[in-house]
Amino acid sequence: MSDIIVPQAFTSETCDAVVIGGGIVGTATAFWLSKAGFKVILVEKRDGLSSLTTAASAECFRTQFTEKAMADIALPSVEMFEKFKDVVELPDIDIAITQKGYLFVTDDPDMMPDLKRAVTQYKTLGIPGSELITGDDLHKRFPFLAPQALGATFNNRDGWISTHETTYGFAKGSKNARFFIRTQVTGIQTDTDGVCAVETNKGTIHTRMVVNCAGPYARIIGEMAGVTLPFRTVRRQKAFIRTASPMVPKDAPFTVDLNNHGYWRPEAGGVLCAWVDPNEPESAPSDEPATDWDFAAESIHRASRLNPFFETIAEELKGDDIDVSAGFYVYTPDDKPVIGPCDEVKGLHLNCGYWCGVMMAPEAGKRVADIATGKMDNRDNPLRYSRFKEGNYEKGDTFLK
């Protein structure tokens, strides 16, 4: 069992690897490094793990990716969620995995070829269970959809988890790691051999390996080591709608309107809903990002277009029934994360640049460890940082990214 502690001020600590960031990506990375035999210290500036972007997420995961580099991370991650007790060797852990699927739906006939191509690509990539559902079959299986819905891609293996329990499960299952909370990184020291120490507000940690898992703060951490990461940080919001209305289909999947970027899913006590604004500007990361007063209303409006039961529950809502929160997506030049060593500074490793960190955290953390131990050659890693210098990257066409 690992230690999750608030350290007192110390002169120095020494370890094999320092992981910066206590979200689900960071704790999964610490878990796999410790499992590989590294003595690990994870540092998190806040009062607990899973308390910033991870907590602000919709807590979802999916297999439906059209890019091989992403599918190769997403599929093993889903398998780990499904067998989480065995992965972390904690028989009593319960991450509340719910596999009701992802439904990407449209009422636009011009989008149907895109759906067909996506399902064909899923099959090419070896993603089992993905299907194209159209016409009467769509409405029979998902009767809550509006009559004009024409078709959807669906995989019932997709779903959601408790990110809090999953994050702490990775931490508690780490055999050779310590987790320092309320510990803020203030600098990264380097010498002629690369990274040599991490400076914090509690003291200095000497190490030859640092893994940047700092989520929206990853660019700032990179700058501490002299690296300018090509990241954009964008605020994303979600609304929880408290309702006991019998109109809410409790067994519905995570449902996405591909035409207006709106989505929703059932949640205990109500529903979660949101939309991805493609015009949301880049913004500086913040521990408490502001929310828009009209975001919930806009989310409900967008969801109701193909899910008309939202109109009924909206009529009964009061202000206290609505809670809006915000976190951040981080975008790279090709909208894919960066995993593995940074070739510009020896000893600096990256596991950041995510808009999809929750769903990829398990396998991404393992890949960091596999590369660090030599089990995987970074040249065979399509998500390596050097791909941007090499010009070996392109944006994909995965839905809702």
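No lab work stands behind these numbers, since they all come straight from the coordinates. Source: prediction; values computed, not measured. Because the Cβ atoms are built from the backbone with ideal geometry, glycine has one as well, and the counts that use them run over all protein chains shown.
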Taking every Cα atom in the stretch 38-137, find the radius of gyration and the maximum pairwise distance Dmax, and write them in Å. 17.8, 57
Out of LYS389, LYS175, LYS83, a Gaussian network model of the chain with alpha-carbon springs under 10 Å gives the largest mean-square fluctuation to LYS389
Note to self, the chain gives a 222 nm [θ] from helices alone (DSSP H runs n ≥ 4, -39500 (n - 2.57) apiece, / all residues, nearest 500) of -8000 deg cm²/dmol
5 Å is the cut-off here: which amide hydrogens, built 1.01 Å from N in the peptide plane, fall below it relative to LYS346, excluding neighbours closer than 5 in sequence? VAL195
Taking the 0 to 90 degree range and rounding to the nearest ten, how far is the long axis of helix 68-82 tilted relative to the main principal axis of the chain, both from C-alpha atoms? 90
Placed amide H near GLY151: partners under 5 Å, 5+ positions off or other chain: THR106
Taking a label point 7 Å from the Cα of LYS395 along the Cα→Cβ vector, which residues of the stretch 98-121 have an amide N closer than 19 Å to it? 111, 114-115, 118
Where is the GNM fluctuation largest for the chain (alpha-carbon springs, 10 angstrom cutoff): VAL345, VAL198, VAL43? VAL345
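With a 10 Å Cβ neighbour count serving as the proxy for reagent exposure, in which order, fewest first, do THR373, THR66, THR200 appear?
Values: THR373 13, THR66 20, THR200 23.
Taking fewest neighbouring Cβ atoms as first place, the list is THR373, THR66, THR200.
What is the antiparallel percent of DSSP beta bridges lying wholly in the chain, to the nearest 5? Let's see the in-between values first.
Working: 49 of 74 bridges.
If I count the DSSP bridges inside the chain, around 65 percent turn out antiparallel.
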For the Cα atoms of the chain, what angle does the longest principal axis make with the long axis of helix 295-306, in degrees from 0 to 90, nearest 10? 50
Each label sits 7 Å from Cα toward the beta-carbon; between SER162 and ASP323 the label points are separated, in nm, by 1.5
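Taking 0.36 nm per residue of sequence separation and subtracting the Cα-Cα distance, how much length would be gained by fully extending the chain between ALA290 and GLN8, in nm to one decimal?
Values: separation 282, 0.36 × 282 = 101.52 nm, distance 3.23 nm.
This chain segment gains 98.3 nm when fully extended.
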Under 5 Å between amide H atoms, partner at least 5 residues away or on a different chain: which partners does GLY270 have, H built in plane at 1.01 Å? THR243
With angles folded into 0 to 90 degrees, how steeply does helix 163-172 sit against the dominant principal axis of the chain? Use alpha carbons for both and round to 10. 30
If one builds a Gaussian network model of the chain from Cα atoms under 10 Å apart, the most fluctuating residue listed among MET247, MET70, MET359 is MET247
